[in-house]
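Engineer: Here it is, the structure, as structure tokens.
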Number of protein chains: 2
Amino acid sequence: MASLSLLRQNSFFSATLSSQPKPKYASPGRVRMSLQENAPTIAVVGVTGAVGQEFLSVLSDRDFPYSSIKMLASKRSAGRRLTFEDKEYVVEELTAESFDGVDIALFSAGGSISKEFGPIAVERGAIVVDNSSAFRMDENVPLVIPEVNPEAMANIKVGMGKGALIANPNCSTIICLMAATPLHRRAKVLRMVVSTYQAASGAGAAAMEELVLQTREVLEGKPPTCKIFNRQYAFNLFSHNAPVLSNGYNEEEMKLVKETRKIWNDKDVKVTATCIRVPVMRAHAESVNLQFETPLDEDTARDILKNAPGVVVIDDRESNNFPTPLEVSNKDDVAVGRIRRDLSQDGNQGLDIFVCGDQIRKGAALNAIQIAEMLL
Amino acid sequence: MASLSLLRQNSFFSATLSSQPKPKYASPGRVRMSLQENAPTIAVVGVTGAVGQEFLSVLSDRDFPYSSIKMLASKRSAGRRLTFEDKEYVVEELTAESFDGVDIALFSAGGSISKEFGPIAVERGAIVVDNSSAFRMDENVPLVIPEVNPEAMANIKVGMGKGALIANPNCSTIICLMAATPLHRRAKVLRMVVSTYQAASGAGAAAMEELVLQTREVLEGKPPTCKIFNRQYAFNLFSHNAPVLSNGYNEEEMKLVKETRKIWNDKDVKVTATCIRVPVMRAHAESVNLQFETPLDEDTARDILKNAPGVVVIDDRESNNFPTPLEVSNKDDVAVGRIRRDLSQDGNQGLDIFVCGDQIRKGAALNAIQIAEMLL
């Protein structure tokens, strides 16, 4: 994970949002409150991956209470040592027995691991918060963004005596709906046209490393190494690498279509999406065109977004200052800007907005930990 | 221009489109036909810029006939020497007298130079093909994409005894309409939602150099040099740097809105656009959502595009192979893919497509030279 932590530490990959309130985790010297005797037991599945590492970072940042924590990964990573909150842990191989006595299991090890071990963990009494797509569209599994639809998991709590599964939505869906939902609540979104600008991080730590490697190679005039992606990524962009379905949409796009309907509990909302991978390190951007049932003017929309939890508005037309992926990297809030009346719709029936969010943080780990917080 | 030519020569900034027919200019050893006694006299204004250099490259590639050619630029660049078709030229300072005896003047030196010297050139009998935005929306000036609306300049020819002005559309408009127009002709586009992924080249050679410099700096952990843009561009993206108007759209976006109406001669077509600068070197990409008056299924649309001049279809769902900016760099054709029925519209009323085109070539120099070819 050497180069991943390099990426996180390098401030030029993650500029500071000077206008934002300091995030909690920026307080040095604070007393750690999270390791507590009667707190829940936690397991992190896929702890050596990009999102797994961020799970740990967010747990610590938010003082998430725990009495013990298991670091789980594949056999390949088992035996590796890592330090968390000043304590050393050995990464254990994931097995069915891993979940005995676990209250909350945070999964981010890919869909097939979730499909195999998620139900086992539930059977052994754990509440699983799953970051993969394995159970998202299962009608018995809540798909939750805490700021958007907390009611979907109202009956699930640690200590209720049985396990359960909760799915974390896809990163693009979370980032989009963090901005669209407050507007949807006021004016009802009828149709949404989304184009994404997705970072390397969405394909994992190895993809971020490949982007750095390729960029060095291209600058030196060498052929780029293409292992994770089958084409040059440096100084280039391409249609998202998810498999393309028979309807011509790729799976990433269909997640936005289907997950929006489920999270909003609105079978009729019309969504289309074009998902593109751009040579950015770890935050996604999305251009979102909205069509409303009820007119909504841009000033009201801006006020609504300014007051929305987890959302920050950066919308300075005069100095051409709007959200960028770099600014939101390593940040909790989703940033929204370019809020304007859509000239292609009548009156105030539509808006264009531009949204940026840290794909690993709110797009994955933070959202999952916020779900876990609601279990307590 | 040292590093600009470096960028052009480096094959990793411009991969080869192996599936495409070889462009004309790839034929080594051919006999130059372009320097001819009775051919028109040409002036290139802004010859040291990125588009100016490409004007020369395209003139040569296409064997454009000329009897003489003037290399014009600002006082700062005057006196520089350059070689064109094996002949050495000295760059001359642009003055009113520069246009005496000139038949065709190709302008790409920014809007203020066009505003000042365009009318002077016309007065002295030259036909000006202007790549700036200065005259695009002037109702007396044709705004032309040769494949789209050649009729707009039907009456303008070299040898008609008087000067004239013809405007080259904005790069984003050209690339979008190359793909949208063939579909518009069949099914009439009612509304278009565009999100762009624009390359450094759109801001000129210096911006391309800054992207390279910044990328090196960021990889070395140094703070990025921000001269052309006021923020980090390497591994980042941002809302287009054009000034933002009071309606919240930036000037780049309004060009797409207004130029589309003028080129299609359709005051009612509804267009919205979000223009974003991405860290790609020299070709733009655009995600385009189309709404039609008449239903148009995706197979018919694909066939129409396959037969459209200047368009190549790259739409292989199985191998996830779609257009990328790198593949179209230094290429004449605009590439279209991701052609699919828009799930957010009823039946076949809408399509999503993804378009890539070389911003300097078809987005600027090639289109201007194609206009000049129609003058002969």
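Engineer: Across the Cα atoms of segment A:141-280, what radius of gyration and what greatest pairwise Cα-Cα distance (Dmax) are found, in Å?
Structural biologist: According to the Cα coordinates of segment A:141-280, Rg and Dmax are 18.4, 60 Å.
Engineer: Where the eigenvalues come from the Cα gyration tensor of chain A, what are the semi-axes √(5λ) of the equivalent ellipsoid, largest first, in whole Å?
Structural biologist: 32, 25, 21
Engineer: Then there's this: Mind pulling up the Rg/Rh value for segment B:312-368? Radius of gyration and Kirkwood radius, both on Cα.
Structural biologist: That ratio equals 1.09.
Engineer: A follow-up question, please. Taking 0.36 nm per intervening residue step and subtracting the Cα-Cα distance, what contour gain separates B:Asn247 from B:Val90 on full extension? Before the final figure, lay out the partial values.
Structural biologist: Numbers: separation 157, 0.36 × 157 = 56.52 nm, distance 4.54 nm.
Answer, rounded to one decimal: 52.0 nm.
Engineer: Could you compute the FRET efficiency for B:Ser68 and B:Met374, with r as their C-beta to C-beta distance and R0 at 30 Å, rounded to 0.05?
Structural biologist: Computed FRET efficiency for B:Ser68 and B:Met374 comes out at 0.90.
Engineer: Exceeding 19 Å between C-alpha atoms, which entries from my cross-link table qualify? They are A:Lys188/B:Lys270; A:Lys255/A:Lys362; B:Lys255/B:Lys362.
Structural biologist: With Cα atoms farther than 19 Å apart: A:Lys188/B:Lys270.
Engineer: What is the fewest-to-most order of B:Met208, B:Met254, B:Met374 by other Cβ atoms lying within 10 Å of their Cβ? List each step's numbers first, then the result.
Structural biologist: Working: B:Met208 26, B:Met254 20, B:Met374 16.
Placing the least packed residue first, the sequence is B:Met374, B:Met254, B:Met208.
Engineer: Put the label 7 Å from Cα along Cα→Cβ for B:Asp86; what are its distances to the other copies, in nanometres, shortest first?
Structural biologist: Nearest first, the other copies' label points are 7.9 nm away.
Engineer: Quote the relative contact order of chain A in percent (integer), defining contacts as alpha-carbon pairs under 8 Å separated by 6+ residues. Don't jump to the answer; show the numbers that get you there.
Structural biologist: Numbers: 808 pairs, mean separation 66.5, N = 376.
Averaging sequence separation for qualifying contacts and normalising by length gives 18 percent for chain A.
Engineer: Sequence-distant or interchain residues sharing an amide H contact under 5 Å with A:Gly49, placed H: which?
Structural biologist: Under 5 Å from the amide H of A:Gly49: no residue qualifies.
Engineer: Okay, moving on. Provide an ascending nm list, one decimal, of label-point separations from B:Asn38 to the equivalent residue in each further copy; define each label point as 7 Å from Cα along Cα→Cβ.
Structural biologist: Taking the point 7 Å beyond Cα along Cα→Cβ, the inter-copy spacings are 10.3 nm.
Engineer: Grab the eigenvalues of the alpha-carbon gyration tensor for segment A:172-360, scale each by 5, take roots, and send me the semi-axes largest first in whole angstrom. Can you show the working numbers first?
Structural biologist: On the way: eigenvalues 192, 73, 36 Å².
Equivalent-ellipsoid dimensions as semi-axes: 31, 19, 13 Å.
Engineer: Residue by residue through segment B:68-79, which ³J(HN,Hα) values in whole Hz follow from phi under the Karplus form 6.51 cos²θ - 1.76 cosθ + 1.60 (θ = phi - 60°), with glycine and proline marked x?
Structural biologist: 7, 9, 9, 9, 10, 7, 5, 3, 4, 8, 4, x
Engineer: Continuing with this model, one more query. Aspartates and glutamates within cross-link reach of A:Lys70: Cα-Cα under 13 Å, excluding same-chain residues under 8 positions apart?
Structural biologist: Filter leaves A:Glu88, A:Glu92, A:Glu93, A:Glu97, A:Asp100, A:Asp103.
Engineer: Under 5 Å between amide H atoms, partner at least 5 residues away or on a different chain: which partners does B:Leu237 have, H built in plane at 1.01 Å?
Structural biologist: A:Leu326
Engineer: List the distances, in nm to one decimal, from the label point of B:Asp346 to the label points of the same position in every other copy, shortest first, placing each label point 7 Å from Cα along the Cα-to-Cβ direction.
Structural biologist: 1.6
Engineer: Suppose R0 equals 56 Å; then what is the FRET efficiency for A:Asp303 and B:Asp303 from their Cβ-Cβ distance, rounded to the nearest 0.05?
Structural biologist: Between A:Asp303 and B:Asp303 the formula returns 0.70.
Engineer: Can I ask one more? Sticking with the crude label model, points 7 Å out along Cα→Cβ, report the distance from A:Asp268 to A:Arg76 in nm, one decimal please.
Structural biologist: My value for the distance between the label points is 4.8 nm.
Engineer: If you don't mind, there's one more thing I want to ask. If you take the beta carbon distance between A:Glu293 and B:Asp316 as r and set R0 to 30 Å, what does 1/(1 + (r/R0)^6) give as a FRET efficiency, to the nearest 0.05?
Structural biologist: Values: r = 39 Å, r/R0 = 1.29.
Efficiency, rounded to the nearest 0.05: 0.20.
Engineer: Nearest beta-carbon of A to the rotation axis carrying it onto B: which residue, how many whole Å?
Structural biologist: A:Ser195, 2
Engineer: Using only the alpha carbons of the protein assembly as shown, what is the convex hull's orientation-averaged projected area in square nanometres?
Structural biologist: Averaging across all directions leaves 31.9 nm² for the Cα convex hull.
Engineer: Counting each DSSP H run of 4 or more residues in the protein assembly as shown as -39500 (n - 2.57), what helix-only mean residue ellipticity at 222 nm follows after dividing by all residues, to the nearest 500 deg cm²/dmol? Please report the intermediate quantities before stating the final value.
Structural biologist: Working: 18 runs with 200 residues, N = 752.
Here the helix-only value at 222 nm equals -8000 deg cm²/dmol.
Each reported figure results from applying straightforward, stated rules to the coordinates on display, with no laboratory input. Keep in mind that what you see is a predicted model, and the values were worked out from it rather than measured. Heads up, the Cβs are rebuilt from the backbone with ideal geometry, glycines too, and the neighbour counts pull from every protein chain shown.
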